[in-house]
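The values are calculated or read from the model by the stated rules, or taken from the named source; none is laboratory data. Keep in mind that what you see is a predicted model, and the values were worked out from it rather than measured. As a convention, Cβ positions derive from the backbone with ideal geometry for all residues, glycine included, and neighbour counts pool all protein chains shown.
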Amino acid sequence: MEPLENLLAESAFFKGLDPRYLRLVAGCASHAQFAAGELIFREGDESSRFYVLRAGKVALVINVPGRGPVIIQTLHEGDLLSWSWIVAPYKKYFDARAIELTRAIAIDGEAVRRKCDEDPPFGYELFKRVAAVTGQRLHAARLQLLDLYAGQS
Amino acid sequence: MLASLESPQSRTAGPDPMALESFRVRRLKRETDDTFTLELQPVETACKVTFAPGQFNMLYVFGVGEIPISISGDPARPRTLLHTTREVGAVTRAMRQLSPGDVLGVRGPFGTHWPVEDLEGNDIVIVSGGIGLAPLRPALYHILSRRDRYGRVVLLYGARTPADILYRQELEQWRARFDLEVYATVDRAMSGWRGNVGVVTTLIPRAPFDPLNTVALVCGPEVMMRFTVQELQKRGVGPPTIYLSMERNMKCAVGFCGHCQFGPVFVCKDGPVFRYDRIKDWLVKWEV
């Protein structure tokens, strides 16, 4: 199996990261696999882990009373699953459930966060990358809020 | 090849653009809760019908009114006119009540078209949102009927919910082909949906095409098209190789009335299909 460091280096999220930082992250990482339908984490859980998806599809789900579970986004190969590990209060905001067999690299967010505190340039680099992902998702969420197709003629 | 692409030219059929032809309803197919497709055939057997992908007709429900609707059928079968629309106003409400055998008036076809013949040899990425798939379907029919002349062909489609997916059965057939990549997404879905959730622009970074040899055909709500262009450009697709189908309040269809003026152009006459770089400065102006 390919070393985790190489797999991380190929992922969009970690691409171009200084090799010594990659080694540091790889030291906190492990392989993970989720069966179709398996719950990965639940809303309100401690956000101690995050994932880089290698294959498969994951649904982010919010349970809406009276409507049931609503899928608000799906994530795919190369996507970052969870950013709440780096932002207080370090809690998951949604349920995450594998829609199909999903392989991922699981990363110990608490350990990486400690290293970020100890090494601010590393922390800043990771924050920039997380901010880019959250920015893209905020942008997409705003477009979803516009409900563009309603009333389209 | 890409550098030689020109703006689409308008092709208006017939010597008198205001003359109505009578067409008979053959079938009215419900597509989703609020969209339907009218299948029309000319009453006069001698009536000559041709159209190019992306053009539109003016459809007149007698005594109610006339509206522009894109042609959504196969250009190789022009005598069977298909028009898909959403029930949003008095005319489309009346249209929805039509039955096989009823007659309505048709003027057209009008406007510019997707330059499908000029795109041979390139990868094609079609990005459509909601009912924006309707004016792109003729282009896809054309491309698929000459499939070996094009590179990769990718269809990206976004809808509001799974129940709002247009031409669902046909999308499934297209997805089963080995020579067409189809990716669909919805803005929201209930648990149990196994497809993608997210705006259509999120499909672009993962779509398999070579940006340096790709032409993009885009149709959907204007905001969706603006952000689609941004994502396409991030992938490296150049402005001269992006085409958009615009929508404005079209009334006369021949540039007389000015209702559909969009900056220096009329959408009915100079569009609806525009090369992006020709209109990009106007897309971001609130005042037009």
Original post:
Which residue out of B:VAL284, B:VAL265, B:VAL288, B:VAL273 is touching a residue at least 12 places away in the same chain (Cβ under 8 Å), closer than 22 Å to B:LEU133 by Cβ and of a type in the set (Val, Ile, Thr)?
Top reply: B:VAL273
Original post:
Listed residues B:PRO135, B:PRO109; which is assigned to a helix (DSSP H, G or I), buried (at least 17 other Cβ atoms within 10 Å of the Cβ) and in contact with a strand residue (DSSP E or B) (Cβ under 8 Å, 6 or more places away or on another chain)?
Top reply: B:PRO135
Original post:
Just one of B:LEU217, B:LEU156, B:LEU212 is surrounded by fewer than 24 Cβ atoms within 10 Å (Cβ to Cβ) and either more than 7 Å from chain A (Cβ to nearest Cβ) or hydrophobic (A, V, I, L, M, F, W, C) (or both); which is it?
Top reply: B:LEU212
Original post:
Within segment B:159-193, can you find the residues that are surrounded by 19 or more Cβ atoms within 10 Å (Cβ to Cβ), among the hydrophobic types (A, V, I, L, M, F, W, C) and within 11 Å of another protein chain (Cβ to nearest Cβ)?
Top reply: B:ALA159, B:ILE165, B:LEU166, B:VAL186, B:ALA189
Original post:
Does B:PRO100 fit the bill of being farther than 22 Å from B:THR201 by Cα, more than 14 Å from chain A (Cβ to nearest Cβ) and modelled with pLDDT under 95?
Top reply: no
Original post:
In segment B:62-95, what residues are outside any loop (DSSP other than H, G, I, E, B) and either hydrophobic (A, V, I, L, M, F, W, C) or surrounded by fewer than 17 Cβ atoms within 10 Å (Cβ to Cβ) (or both)?
Top reply: B:GLY65, B:ILE67, B:ILE69, B:LEU81, B:LEU82, B:ALA90, B:VAL91, B:ARG93, B:ALA94, B:MET95
**OP:** Using the structure shown, decide if A:ALA35 is of a type outside the set (Lys, Arg) and either touching a strand residue (DSSP E or B) at 6+ places or on another chain (Cβ under 6 Å) or closer than 27 Å to A:GLY123 by Cβ (or both).
**Re:** no
Subject >> Every residue from segment B:112-121 that is touching a residue at least 40 places away in the same chain (Cβ under 8 Å) and surrounded by fewer than 23 Cβ atoms within 10 Å (Cβ to Cβ) >> reply: B:PRO115, B:ASP118, B:GLY121
Subject >> Residues of segment B:226-250 satisfying the condition of being in contact (Cβ under 8 Å) with a residue 60 or more places away in the chain and either under 21 Å from B:GLY65 (Cα atoms) or within 14 Å of chain A (Cβ to nearest Cβ) (or both) >> reply: B:THR228, B:SER245, B:MET250
Subject >> Hits in segment B:37-66 (condition: of a type in the set (Phe, Trp, Tyr) and more than 15 Å from the chain's Cα centre (by Cα)) >> reply: B:TYR60, B:PHE62
**OP:** Kindly indicate whether any position in segment B:146-159 is among the hydrophobic types (A, V, I, L, M, F, W, C), under 30 Å from B:GLU66 (Cβ atoms) and in contact (Cβ under 8 Å) with a residue 40 or more places away in the chain.
**Re:** no
Original post:
Out of segment B:39-66, which residues are within 24 Å of B:LEU217 (Cα to Cα) and touching a helix residue (DSSP H, G or I) at 6+ places or on another chain (Cβ under 7 Å)?
Top reply: B:PRO53, B:GLY54
Original post:
Is it true that some residue in segment A:14-33 is closer than 20 Å to A:VAL133 by Cα and within 14 Å of chain B (Cβ to nearest Cβ)?
Top reply: yes
Original post:
Any idea which of (1) at pLDDT below 95; (2) out of contact with any Gly (no Cβ under 8 Å at 6 or more places or on another chain); (3) of a type in the set (A, V, I, L, M); (4) more than 29 Å from A:LEU145 (Cα to Cα) is the one B:VAL223 doesn't satisfy?
Top reply: (4)
Original post:
Among the residues of segment A:12-28, is any aromatic (Phe, Trp, Tyr), part of a strand (DSSP E or B) and buried (at least 20 other Cβ atoms within 10 Å of the Cβ)?
Top reply: no
